[in-house]
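The values are calculated or read from the model by the stated rules, or taken from the named source; none is laboratory data. Everything numeric in this text was worked out from a predicted model, so none of it was measured. Cβ placement follows ideal geometry from the backbone for every residue including glycine, while neighbour counts extend to all protein chains displayed.
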Amino acid sequence: MTFATKVEASRYLAAVETDMARGQWVDPRGSSVLLSDYGRAWLEERTVRGRPLAPRTTDTYRHSPSVWIQPTLGDLPLDKITPAHVRRWHAHVSSHAPTMFSVGRCGLCACPLNPVSLTTPDNRPWVDNVSI
């Protein structure tokens, strides 16, 4: 990125630092990557002491996100995942942990949460912590 003047560059830097301090800055180089794609790339590159992961570890690392994360957050771009998304996901998974393997409408359990559009059981959209 280039700037016409030093003042312009300083203003941009100040804005980025402010966004970072607020937890709102997103790296523009990777912001459109889907969480599921990021996870797959991470797994492909993951090593332990310079060696590839053991086959069973790789299987576990593939399976766990497909059950716990992919149904609700996997199709979201990294720059669109907000703390509110993560809080809802965590609350949902935590409250349904005993029934995680009885597949229901949400793909995680027997609850009616729609993972793609993040809607309530009566099809109202979620906005942060409040259904509207």
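Inside segment 43-76, residues that are under 13 Å from the mean Cα position of the chain (by Cα) and either at positive phi or not acidic (Asp, Glu) (or both) make up a count of 10. If you filter segment 50-82 down to residues that are of a type in the set (Gly, Ala, Ser) and in a helix (DSSP H, G or I), you find that the one that is nearest to residue 38 (Cα to Cα) is 74. Restricted to segment 1-51, and to residues there that are surrounded by 11 or more Cβ atoms within 10 Å (Cβ to Cβ) and of a type in the set (Lys, Arg), the residue that is farthest from residue 64 (Cα to Cα) is 11. Looking across 58, 119, one residue alone is farther than 30 Å from residue 1 by Cα, at pLDDT 90 or above and among the hydroxyl-bearing types (Ser, Thr, Tyr). It is 58.
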